[in-house]
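The values are calculated or read from the model by the stated rules, or taken from the named source; none is laboratory data. Since we're looking at a predicted model, the values are computed, not measured. Every residue, glycine among them, receives a Cβ derived from its backbone with ideal geometry; neighbour counts consider all protein chains shown.
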Amino acid sequence: MSRVVVAEDDAHIRRVICLWLRRQGHEVFEASNGRVALDMVLEHEPRILVTDVNMPLMDGIELLKELTERDCSPHGIVVLTNRWDHREIGEQLAGPGMHVMPKPFSPTRLAELIDQLGSEAPEEAST
Amino acid sequence: MESYCHPRQETLNGPGMMQVAASCAGGPKQSLTIVRPDEPSAAVPLHCLRTCLNGDPSSLHKAGCAWLRSTRSGSADSTLLRNGKCDKGYLADAEPVTLHGRHVLLLSVDGTIPPEMARPADIEERVENTSDMAVRLARAVEDSERLAEEVLQNYEQLSLLFDFTSQIAEVTEPEQIERLLMNRMARLLNVETLEVVSSRGETHVLDVADGTTTARHWRDEPDAQYTAFAEQALLTHSVTVKSANDRSYLLCPLPRLQDQHDVVVVSRPSGAPEFISGDLQMVGSLLTFGGNLINNSELHGHLRQMSIEATRALVSAIDKKDHYTSGHSERVGFMSRMTGEALGVTVDQLDHLEWSGLLHDIGKIGVAEDILNKPGKLTDVEFDQIKAHPRMGYEILKPIESLQPILAGVLHHHENADGSGYPDGLELKDTPLFARIIHVADVFDALSSTRSYRKAFSVERSIEIIQEMAGAKLDAEITATFTAALHGLRESRPEEFASMFPIALEEELV
């Protein structure tokens, strides 16, 4: 069971993702754009961030950049996108704990991925 | 003072719980908490609510309601019911609502109400408004959850379909395609059992959990009803749904060759969702698509097998013509492939190389038998006839479109590294790779076999001779690779090696 922030501007899709993740027993916070998500991540320090790419105010890529700059990226990041260049986005972002899933995503695979990211050993605390 | 309520906000607050805040103008702010019983099947009967309203909230707990609370602005949460124990509070009204198949309890709850507000009419009105609002809200939530559920299912099915179509492109054997098809279907339809019943009497049963299949005879099925409708389905071409033994079955034809079809039978236990029209459409299109793939791959296999057999028959006819070269073409084909593999030739190219080796002497079909089998020395005229066989082979095979990649090997397998070979006198650098490989294998096999004009050399002596020829006549690098690969074969598969070179091995013992 993990704390998850979901950033997605389409309310229907956000509702679907959150309903699904809550049903898996996760604690879910909803954000309708990258800026709200950034505040939520800073406040709630979730283990996992699920984010769309194209969003108003702050898009998913900017959000991830901001988080990296502040050195507070969640342990696992799942980028859900309907962009045609999702492969390139994946290569661009590639890193530990980073996963890109094209939409429509498989709910089962998303749940498995989040379970996996949630159960991985936490990184060693930096001293 | 007039009192009324209106919805202010709605938040989802953890699984199975919804909070509705209502603000009352001029009165204390209140919130409603909608509590779903943990047990999805537990009904909250109306009489329990009434009992509860009459001051015994424990009846709600007995009915499966987990807890219930009221909040009031400016004060800590006051829990009215927790694990069946009742705190102070005043329950005003309640209405049970079914949400997403679960019984949801809606309660409008009042905390401590200032005496001047506590007029029955005010409370009644407020309760009416809030419960009305809550019911509508609950229905809206229910609708949106149902839609979200459908979207989730559609997403799952779509991605399974995408997966299936991309994975199916990577398998080529009919059995692999069938297994993949069965596995994907079981997941797409969320079924408990899946079997493919064939008109040939065999059944492939899928283990839905681990994805493996086992075969058995379907007429051994002890259930007569099942056997009867499987038999019936083999005769029709449409998708049907049957029920028997508390299960519902979906039977769908899987097209096979020669206007035959198998039947895929899937089942769900009673209590599981019934099959719907969308399931039937999906199964129908998936099996038509998958069946055609299986059939095409089987046809492709038959054709391939036939062309291999026809070629081997032709090759053995050539070998029969030359009494001393029985099995020569097969061995040259085999050893060429073995050498190519050691040289790192790609798998597709290896097939071409083997065929080129197999067919390298096909042109001998045009050389008179008495020349091929002449025991003594050949005249120049006779030797010219022998030397014509590579080009003749090339001319014979040239019209066959699919054999284009093997032609160079056939035409140039007698070219020497120093340019002294035939038909074109090519030097090593101009001789195609296949031809250089086949040349080494061909010379080795000739040396290690008995010919009309001499006895066979031993394996080791034959190797010594080709090593002496390396550089001037044969490609030195290929000769070295060939020798190493041949020694490797002799060590790793001695029996196969012995059956290939019986005479040359006998010579070694002499």
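So which residues in the range B:127-170 are small (Gly, Ala, Ser) and either at pLDDT 85 or above or closer than 30 Å to B:LEU181 by Cα (or both)? Correct list: B:ALA148, B:SER159, B:SER166, B:ALA169. Contact annotation: residue pairs with Cβ atoms under 7 Å, 6 or more positions apart or on different chains, pairing a residue in the range B:151-168 that is without any contact (Cβ under 8 Å) to a residue 24 or more places away in the chain with a partner that is among the small types (Gly, Ala, Ser), are B:TYR155/A:SER106; B:GLU156/A:SER106; B:SER159/A:SER106.
Count of the range B:182-238 residues, restricted to those that are touching a residue at least 40 places away in the same chain (Cβ under 8 Å), surrounded by fewer than 20 Cβ atoms within 10 Å (Cβ to Cβ) and in a loop (DSSP other than H, G, I, E, B), is 4.
Residues that are part of a helix (DSSP H, G or I) and in contact with a Gly (Cβ under 9 Å, 6 or more places away or on another chain) were ranked within the range A:1-37; the one that is nearest to A:CYS72 (Cα to Cα) is A:ALA37. Residues in the range A:82-89 include none that are within 26 Å of B:LEU158 (Cβ to Cβ), in contact with a Lys or Arg (Cβ under 8 Å, 6 or more places away or on another chain), aliphatic (A, V, I, L, M) and within 14 Å of chain B (Cβ to nearest Cβ).
Scanning the range B:371-392 for residues that are within 16 Å of B:ILE318 (Cβ to Cβ) and modelled with pLDDT of 85 or more gives B:ILE371, B:GLN385, B:ILE386, B:ALA388, B:HIS389, B:PRO390, B:ARG391, B:MET392. The sole residue among B:GLU175, B:GLU274, B:GLU231 that is on the phi < 0 side of the Ramachandran plot, out of contact with any helix residue (DSSP H, G or I) (no Cβ under 8 Å at 6 or more places or on another chain) and modelled with pLDDT of 85 or more is B:GLU175. When each of B:PHE334, B:PHE289 is tested for being among the hydrophobic types (A, V, I, L, M, F, W, C), at negative phi and assigned by TED's automatic domain parsing to the domain that holds B:SER449, the lone residue that passes is B:PHE334. Of all residues in the range B:423-440, those that are closer than 19 Å to B:LEU350 by Cα and either surrounded by 18 or more Cβ atoms within 10 Å (Cβ to Cβ) or not assigned by TED's automatic domain parsing to the domain that holds B:GLU477 (or both) total 8.
Filtered by the rule that a residue be surrounded by fewer than 18 Cβ atoms within 10 Å (Cβ to Cβ) and within 10 Å of chain B (Cβ to nearest Cβ), the range A:12-59 gives A:HIS12, A:ARG22, A:ARG23, A:GLY25, A:GLU27.
Candidates B:SER248, B:SER243: the one that is small (Gly, Ala, Ser), under 28 Å from the mean Cα position of the chain (by Cα) and modelled with pLDDT of 80 or more is B:SER248. With respect to A:LEU64, is the statement that it is among the hydrophobic types (A, V, I, L, M, F, W, C) and more than 14 Å from chain B (Cβ to nearest Cβ) true? Spelling it out, A:LEU64 is indeed among the hydrophobic types (A, V, I, L, M, F, W, C) and more than 14 Å from chain B (Cβ to nearest Cβ).
So, of the residues in the range B:455-510 that are part of a helix (DSSP H, G or I) and of a type in the set (Lys, Arg), which turns out to be nearest to B:HIS413 (Cα to Cα)? Going through the qualifying residues, I end up with B:ARG461. Total residues in the range A:105-117 satisfying the condition of being buried (at least 18 other Cβ atoms within 10 Å of the Cβ) and of a type outside the set (A, V, I, L, M, F, W, C): the figure is 2. Collect the residues in the range B:141-186 that are of a type in the set (Asp, Glu) and within 14 Å of another protein chain (Cβ to nearest Cβ), keeping them in residue-number order. Scanning the range B:141-186 gives B:GLU142, B:ASP143, B:GLU145, B:GLU149, B:GLU150, B:GLU156, B:ASP163.
Scoring B:SER420 on the criteria (1) surrounded by 14 or more Cβ atoms within 10 Å (Cβ to Cβ); (2) part of a loop (DSSP other than H, G, I, E, B) leaves a single failure, condition (1).
Out of A:ALA94, A:ALA111, which single residue is within 13 Å of the chain's Cα centre (by Cα) and either within 14 Å of chain B (Cβ to nearest Cβ) or not charged (D, E, K, R) (or both)? Full working, then the answer.
Values: A:ALA94 fails: within 13 Å of the chain's Cα centre (by Cα).
On inspection, the qualifying residue turns out to be A:ALA111.
Close Cβ contacts (under 7 Å, 6 or more residues apart or on different chains) running from residues in the range B:339-351 that are assigned to a helix (DSSP H, G or I) to residues that are among the aromatic types (Phe, Trp, Tyr) comprise B:THR339/B:PHE482.
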